[in-house]
Amino acid sequence: MPKSSDVLTAVTAWRRRAASRLVHRADRWVRETAAISAERPGPYRFARIGEGTRLGYPQGTIFGEPWIEIGSCCIIAEQVTLAVGMLPGLDMGPVPLMRLGDGVVLGRGSHVMASRPVTIGDNVYCGPNVYITSDNHSYDDPDEPIGRQWPRCAPVEIGAGSWLGVGAIVLPGTRLGRNVAVAAGAVVRGDVPDHTLVAGAPARVVRRWTPQDGWQPPLRSPAPIPPR
């Protein structure tokens, strides 16, 4: 006959397993229900959300959504901030300022900030914690706190098919061409040609592809995995 202590231990373990299943089931239900889509926009009134697009829950900070267009089949991960204007409640004019094309992926914790036009082309993939902004701090008056000085703003354009690695930063005035790869942690500003790889802070072109020569310098093949 089992001891009462063994029975109590077994019952406690069963209760914990049951509670764990219930908690995970409830969490899954909340995430599914609170995700944002064209059919279920929640409290947000975007200028457009395309079919098949999903904004994961919990969302990051979202405001100025009447000036945000999101294309079809986009994946916006959890804790992504989408913001138009310096603060909520501003009238940002007659046309959308933030446009995400079809098939855009924004990784967890990324930020897209716009007070000037920010355009992300079709099938742009961003890793986690990518920061894209049309606004930057200014430092014109050395006696005034930097945070109180009026920012400098310029449009941003990211060409279709590009890839932005983890923690990449895209500053105001940047124009990325098509199929540009931005290395993790790079800080990008200015014009970047099509079919290039940029890295560093500030970012510079480290590889370029042309139909005549392919990649220059050539891409290195990954080292083979030694057998065990």
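The values are calculated or read from the model by the stated rules, or taken from the named source; none is laboratory data. Quick caveat: nothing in here was measured; it's all calculated off a predicted structure. Counting neighbours? That spans all protein chains shown, and the Cβs are built from the backbone with ideal geometry, glycine included.
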Out of Ala184, Ala223, Ala201, sole residue that is at pLDDT 95 or above, over 16 Å from Glu157 (Cα atoms), part of a loop (DSSP other than H, G, I, E, B) and hydrophobic (A, V, I, L, M, F, W, C): Ala184
Near pairs, Cβ below 6 angstrom, 6+ apart or cross-chain, from region 103-120 (closer than 21 Å to Cys73 by Cβ) to any residue that is polar (S, T, N, Q) and surrounded by 20 or more Cβ atoms within 10 Å (Cβ to Cβ): Val118/Ser134
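Are any residues in region 83-108 in a loop (DSSP other than H, G, I, E, B) and closer than 19 Å to Asn129 by Cα, and if so, which ones?
So the first thing to find is which residues in region 83-108 are in a loop (DSSP other than H, G, I, E, B), and the list is 85-97, 101-104, 107-108.
Passing the criteria: Gly103, Val104, Gly107, Arg108.
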Candidate set from region 93-112 (those that are of a type outside the set (D, E, K, R) and more than 15 Å from Phe46 (Cα to Cα)); member that is surrounded by the most Cβ atoms within 10 Å (Cβ to Cβ): Leu106
Tally, over region 64-92, of residues that are surrounded by fewer than 21 Cβ atoms within 10 Å (Cβ to Cβ), at pLDDT 95 or above and within 19 Å of Asn136 (Cα to Cα): 1
Qualifying residue in region 124-131 (condition: on the phi > 0 side of the Ramachandran plot and of a type in the set (S, T, N, Q)): yes
Positions within region 69-89 being free of Cβ contacts under 8 Å to residues at least 40 places away in the same chain, more than 20 Å from Arg152 (Cβ to Cβ) and either of a type outside the set (Val, Ile, Thr) or touching a Phe, Trp or Tyr at 6+ places or on another chain (Cβ under 7 Å) (or both), in sequence order: Glu69, Ile70, Ser72, Cys73, Cys74, Glu78, Gln79, Leu82, Pro88, Gly89
Subset of region 37-61 (residues that are under 16 Å from Pro128 (Cβ atoms) and part of a strand (DSSP E or B)): Leu55
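So which residues in region 143-161 are among the hydrophobic types (A, V, I, L, M, F, W, C) and assigned to a strand (DSSP E or B)? Let's see the steps before the verdict.
Just the residues of region 143-161 that are among the hydrophobic types (A, V, I, L, M, F, W, C), to begin with: 146, 150, 153-154, 156, 158, 160.
Selection gives Cys153, Val156, Ile158.
Kindly indicate whether any position in region 90-103 is in contact with a Leu (Cβ under 9 Å, 6 or more places away or on another chain) and either among the polar types (S, T, N, Q) or under 17 Å from Cys153 (Cβ atoms) (or both).
yes
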Residue within region 62-82 that is farther than 23 Å from Tyr131 by Cβ and assigned to a loop (DSSP other than H, G, I, E, B) present: yes
